[in-house]
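S.K.: Before anything else, here's the structure in question.
What follows draws every value from the coordinates through simple rules; no lab data is involved. Quick caveat, the model's predicted, so the values are computed rather than measured. We place every Cβ from the backbone using ideal geometry, glycine too, and count neighbours over all the protein chains shown.
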Amino acid sequence: MREVKYAEAVRAALEAEMAADESVVVMGEEVAALGGVFTVTQGLADRFGEDRVLDSPIAEAGVVGFAIGAAAEGMRPVVEIMFSDFVLLALDQIINLGAKIRYMSNGQFSVPLTIRMPGGGGTNHGPQHSQSLETLFAHVPGLVVAMPGNVSDAYWMLRHAIRSDDPVIFLESKNLYFRTSGDIDARTGPDGFGARVARAGEDLTVVSAGRMVERCELAAEELAAEGVACEVIDLRYLWPLDTASIEASLRRTGKLAVVSEAVEFCGWGGEVAAWASEHCFESLDGPVVRVGSERVPIPYGHALEDEIVPTTERIAGELRKLAIY
Amino acid sequence: MTQTAANPHTPAGAFTGIPVSAAGLDEAHELYRGMTVVRAVELEIEKMHRLGRMSGSFHSSLGQEAAAVGVCAALRGGDMVTSTHRGHGHALAKGVPMEGVFAELFGRTSGVSGGRGGSMHLHDRRSGFLGENAIVAGGLPWAAGAAWARRRRSGGDDIAVAFIGDGGFAQGVTHETLLLSRFWGSPCLIVCENNGLAHSMPSDRLFGAPGSIARIVEGTGMHARYVDGRDVVAVAETAKEMVARVRAGTPAFLECGVFRVRPHSLSDPDYRYRPKSAGRDWMALNDPIANLRTRLEVHPANWVARIDAEVAAEIEAARDRAEAAERPPTAAAKSFVYTSPELQNHA
């Protein structure tokens with residue numbers, strides 16, 4: 001397959017699933033006439049018609065609730081939230097209804113719904129357009145939380161999400177949309193919920209997700225030059241959390257760092273750290289290190305953002321300290 | 001045009017309703033039976049709470065039965081309903097078996113939600129009762145989306161009804177869904193039971209007298225009507241007309257003027273915000289079951305007494321069977337979080 005950008009990979013996944021299954025519909029603000037503010041849905045309305053690619057009013061709670069109702073009745077809606085920050089308007093519908101209908105109804109309903117949204121920083125959109133909210137969703141029973149960190153995963157994980165019979169929060173990285181290109185792996189279909197070893201190494205395990213995986217790989221490159229071999233694990237999903245892959249790596253390396261774009265305090269990195277200290281205590285040669293965003297809104301401009309969100313430099317610095325143990 | 005009527009929140013004199021004709025006797029008796037079932041089940045639930053045999057919260061729709069029963073009489077089995085925290089009447093009127101309702105409130109496996117939903121989470125898909133939603137107005141977009149999806153997938157002319165209250169009319173998601181259901185063409189009927197109080201907040205203070213909510217909706221371009229919810233026959237007639245319109249493919253809105261006789265919930269000290277006798281005084285002159293009974297008893301060949309006796313016997317038997325049923329095994333606490341077996345095993 002030719003090299004594509006991350007945004008194009010997302011679009012290709014939508015296109016493939018819409019072609020394969022008539023019950024897949026795309027809903028959201030500016031998805032039809034405009035083709036999405038990040039061009040992800042461009043051309044879909046032309047190909048599939050505006051009754052399958054539905055422009056919505058600016059009404060996140062209503063749209064998500066409507067999609068939940070449609071999903072429980074057998075459709076497979078894919079809702080686009082323009083920026084992940086806006087999903088906060090729909091949290092009641094997601095948490096109190098979509099994530100719980102199956103449980104509350106004793107299994108009478110399923111909600112095969114995908115809610116796509118670009119999150120994180122790196123595009124100078126300022127504090128209300130740059131948050132990394134994945135921890136909120138990882139906390140909620142009933143949801144799957146997907147965070148593709150590369151082109152191939154953007155494609156296959158989205159196809160997996162759309163085929164899933166459970167609601168999936170699909171967190172794309174708007175920073176990666178046009179900056180990264182790559183091949184989409186040739187597979188016959190989506191793989192499972194497992195993590196991916198982005199870089200193999202024997203000295204230190206780095207667990208990350210989303211666009212931070214790239215920075216971890218760059219930091220690992222720096223440390224490799226210094227003689228420290230880091231293994232970078234791209235979780236791909238925050239829930240279900242692939243603890244087996246973390247454990248297998250940690251048993252070999254004895255050291256663990258968790259790198260998140262999400263705020264470090266009470267963030268998902270703390271969950272991974274706590275899990276490792278509970279289940280792999282005897283394998284640990286040093287403290288589990290968390291590298292996450294400061295507990296500060298994400299400021300406008302790279303110079304300020306770099307003070308808050310983990311940079312390659314900061315990650316490398318923390319990994320060096322951990323390597324000493 | 002929106003109808004206007006005497007205010008059911010502050011009525012002057014006794015409410016009598018439109019006389020029932022001989023031709024309408026069968027239907028009116030069915031409505032009477034429906035309301036009697038709702039009333040009797042809810043009174044029984046109150047009793048079970050007093051006796052400590054049920055726990056948690058309970059929101060009674062006593063006095064509002066005509067809205068649930070009148071609207072649901074216009075529906076078919078395949079139609080869908082979403083409801084609120086005050087939804088027992090909607091469930092029963094839509095055909096959810098009373099034993100399943102009792103069992104749910106007793107926390108038994110045979111409850112419609114397996115004994116894990118309770119009073120505010122009745123779900124019975126087989127009856128077309130998608131469910132209550134305990135978040136005010138939260139069930140509205142569910143109904144709109146389900147009706148839209150059903151029509152897309154199955155064709156046909158099934159519709160969905162979303163019950164909300166006057167409190168729910170203040171929620172943003174209500175207005176979002178009113179807009180969306182028109183914009184995307186969802187065959188759903190939104191029924192707003194204006195019972196005069198959003199917990200302690202008088203709806204007349206927020207919106208004006210009953211009928212005002214329908215006028216607000218009418219102003220948005222949606223077909224909207226107001227009906228006096230003390231007269232089940234009038235509600236049923238209005239609902240029929242609106243349901244026919246919705247079946248043709250466009251959403252509509254019906255405001256029913258009703259009155260909340262009981263406190264907001266079992267534990268609500270409503271004497272702090274209204275006279276202690278408010279509920280009793282209202283019932284003495286406005287009870288929708290009593291006024292229909294009076295209208296039926298004008299006809300010598302009526303069978304209200306038989307209905308009363310049948311319902312009473314049915315209630316007792318259903319309650320006994322429900323209470324005697326098994327409690328869920330502890331393993332049930334963790335089931336049905338996910339549909340995918342892989343994810344469910346991981347949970």
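S.K.: Quick one: go through the stretch A:84-120 and flag any residue whose amide nitrogen is under 16 Å from the point 7 Å out along the Cα-to-Cβ line of B:ALA347.
M.R.: Counting only backbone N, you get A:94-113.
S.K.: Here is a further query. Which FRET efficiency value, to the nearest 0.05, do you get for A:PHE265 and B:ARG126 by plugging their Cβ-Cβ distance into 1/(1 + (r/R0)^6) with R0 = 45 Å?
M.R.: Working: r = 47 Å, r/R0 = 1.05.
Between A:PHE265 and B:ARG126 the formula returns 0.45.
S.K.: Given a Förster distance of 41 Å, report the FRET efficiency between B:ARG306 and B:TYR273 from their Cβ-Cβ distance, rounded to the nearest 0.05. List each step's numbers first, then the result.
M.R.: Working: r = 41 Å, r/R0 = 0.99.
That pair, B:ARG306 with B:TYR273, gives E of 0.50.
S.K.: Among A:LEU235, A:GLY267, A:ALA248, flag the residue with its Cα farthest along the positive direction of the charge dipole of the stretch A:227-287, charges on Cβ as +1 for Lys/Arg and -1 for Asp/Glu.
M.R.: A:ALA248
S.K.: Please identify the trypsin sites (Lys or Arg not before Pro) of the stretch B:17-74 that satisfy two criteria: DSSP loop assignment and at most 14 other Cβ atoms within 10 Å. Which are they?
M.R.: On the way: sites: B:ARG33, B:ARG39, B:LYS47, B:ARG50, B:ARG53; in loops: B:ARG53.
Hits after loop and neighbour filter: B:ARG53.
S.K.: Something else now. Tell me, what is the percent relative contact order of chain A, built from C-alpha pairs under 8 Å that lie six or more residues apart? Spell out each step's value before the answer.
M.R.: On the way: 729 pairs, mean separation 52.3, N = 325.
After rounding, I find 16 percent.
S.K.: Highest mean first, how do B:68-77, B:303-312, A:35-44, B:138-147 rank when packing is the count of other Cβ atoms within 10 Å averaged over residues?
M.R.: Details: B:68-77: 23.3, B:303-312: 15.1, A:35-44: 19.5, B:138-147: 31.2.
Ranking the peptides B:68-77, B:303-312, A:35-44, B:138-147 by packing returns B:138-147, B:68-77, A:35-44, B:303-312.
S.K.: Could I ask something else about it? Relative contact order, percent, of the stretch A:4-182 when contacts are C-alpha pairs under 8 Å separated by at least 6 residues?
M.R.: Dividing the mean separation by the residue count of the stretch A:4-182 yields 27 percent.
S.K.: Let me ask something else about it. With each pseudo-label sitting 7 Å past Cα toward Cβ, what's the A:ASP21-B:ALA313 distance in nm, one decimal?
M.R.: Reported label-point gap for A:ASP21 and B:ALA313 is 5.1 nm.
S.K.: Sticking with this structure for a sec: Using DSSP, restrict attention to beta bridges with both residues in chain A and report what percent are antiparallel, rounded to the nearest 5.
M.R.: Bridges in chain A are about 20 percent antiparallel.
S.K.: Could you state the angle between the C-alpha long axis of helix A:6-20 and the longest principal axis of the C-alpha atoms of chain A, as a value from 0 to 90 degrees rounded to the nearest 10?
M.R.: Tilt of helix A:6-20: around 40 degrees.
S.K.: Rounded to the nearest 20 debye, what is the charge dipole size of chain B about its Cα centre when +1 sits on each Lys and Arg Cβ and -1 on each Asp and Glu Cβ? Display every interim value, and only then the final one.
M.R.: Details: 37 positive and 37 negative charges, 124 e Å.
Charge dipole of chain B: 600 debye, to the nearest 20.
S.K.: Over chain B, what is the relative contact order in percent, taking alpha-carbon pairs closer than 8 angstrom and at least six residues apart?
M.R.: Numbers: 657 pairs, mean separation 85.6, N = 347.
Across chain B, relative contact order equals 25 percent.
S.K.: Work out the length of the dipole vector of the stretch A:175-289 about its Cα centre, built from +1 on the beta-carbon of each Lys and Arg and -1 on the beta-carbon of each Asp and Glu, and round it to the nearest 20 debye. Spell out each step's value before the answer.
M.R.: Numbers: 10 positive and 20 negative charges, 55 e Å.
Charge dipole, the stretch A:175-289, about its Cα centre: 260 debye, nearest 20.
S.K.: Rounded, prolate or oblate for chain A? Axes are the square roots of the Cα gyration tensor eigenvalues, ordered a ≥ b ≥ c, and the cut-off for rounded is a/c under 1.5.
M.R.: Values: a/c = 1.78, a/b = 1.62, b/c = 1.10.
Since a/c reaches 1.5 and a/b is larger than b/c, the shape of chain A is classed as prolate.
S.K.: Shape call for the protein assembly as shown from the C-alpha gyration tensor, a ≥ b ≥ c root eigenvalues: rounded (a/c under 1.5), prolate (a/b greater than b/c) or oblate?
M.R.: Working: a/c = 2.52, a/b = 2.04, b/c = 1.23.
Since a/c reaches 1.5 and a/b is larger than b/c, the shape of the protein assembly as shown is classed as prolate.
S.K.: Given only helices, namely DSSP H runs of n ≥ 4 each adding -39500 (n - 2.57), what is the per-residue ellipticity at 222 nm of the protein assembly as shown, to the nearest 500 deg cm²/dmol? Could you put the intermediate results ahead of the total?
M.R.: Values: 24 runs with 260 residues, N = 672.
Counting only the DSSP helices, I get -11500 deg cm²/dmol.
S.K.: Right, another one. Expressed as an acute angle from 0 to 90° and rounded to the nearest 10, what is the orientation of the C-alpha long axis of helix A:151-163 relative to the principal long axis of chain A?
M.R.: Once rounded, the angle reads 50 degrees.
S.K.: Return the percentage of antiparallel bridges among DSSP beta bridges fully within the stretch A:4-182, rounded to the nearest 5 %. Before the final figure, lay out each step's value.
M.R.: Details: 2 of 22 bridges.
For the stretch A:4-182, the DSSP antiparallel bridge percentage is about 10.
S.K.: Continuing with this model, one more query. Among all stretches of chain A without exposed GluC sites (Glu not before Pro) (DSSP loop, at most 14 other Cβ atoms within 10 Å), which one is longest? List each step's numbers first, then the result.
M.R.: Working: sites that count: A:GLU3, A:GLU22, A:GLU50, A:GLU202, A:GLU226, A:GLU294.
In short, A:51-201.
S.K.: Give the separation of the Cα centroids, the stretch A:249-323 to the stretch B:65-123, in Å.
M.R.: 49
S.K.: In whole angstrom, note down how far apart the Cα centers of the stretch B:268-291 and the stretch B:8-24 are.
M.R.: The stretch B:268-291 and the stretch B:8-24 have Cα centres separated by 18 Å.
S.K.: Right, another one. How many partner chain Cβ atoms sit within 10 Å of a residue's Cβ in peptide A:71-84, on average, as a whole number?
M.R.: Values: counts 4, 8, 14, 6, 7, 0, 2, 0, 0, 0, 0, 0, 0, 0.
What the average comes to for A:71-84 is 3.
S.K.: Hey, with R₀ at 30 Å, roughly what FRET efficiency would B:GLU27 and B:GLU326 work out to, going by the Cβ-Cβ distance, to 0.05? Kindly include the intermediate steps, with their values, before the conclusion.
M.R.: Values: r = 39 Å, r/R0 = 1.31.
Using R0 = 30 Å, I get an efficiency of 0.15.
S.K.: Quick one: grab the alpha carbon gyration tensor of chain B, order the square roots of its eigenvalues as a ≥ b ≥ c, and give me rounded if a/c is under 1.5, else prolate or oblate depending on whether a/b is larger than b/c. Numbers along the way, then the final one.
M.R.: Numbers: a/c = 1.41, a/b = 1.11, b/c = 1.27.
Rounded.
S.K.: Output the antiparallel fraction of DSSP beta bridges having both residues in the stretch A:196-323, as a percent to the nearest 5. Intermediate values should be presented prior to the final figure.
M.R.: Numbers: 3 of 16 bridges.
Once the DSSP bridges in the stretch A:196-323 are tallied, antiparallel ones form about 20 percent.
S.K.: Let me ask something additional. Cross-link candidates for B:LYS276: which aspartates and glutamates have Cα within less than 13 Å, leaving aside residues fewer than 8 places away along the same chain?
M.R.: List returned: B:ASP268.
S.K.: Angle, helix A:243-253 long axis vs. longest principal axis of chain A, Cα atoms, 0 to 90°, nearest 10?
M.R.: Taking Cα atoms only, the helix is inclined about 20 degrees.
S.K.: Can you flag which of B:LYS94/B:LYS240; A:LYS255/A:LYS321; A:LYS174/A:LYS321; A:LYS100/B:LYS334 are past 21 Å Cα-Cα?
M.R.: Numbers: B:LYS94/B:LYS240 15 Å; A:LYS255/A:LYS321 11 Å; A:LYS174/A:LYS321 31 Å; A:LYS100/B:LYS334 12 Å.
A:LYS174/A:LYS321, as the Cα separations exceed 21 Å there.
S.K.: Now, a different point. Compute the distance from the alpha-carbon center of the stretch A:14-74 to that of the stretch A:173-189, in whole Å.
M.R.: One Cα centre to the other: 21 Å.
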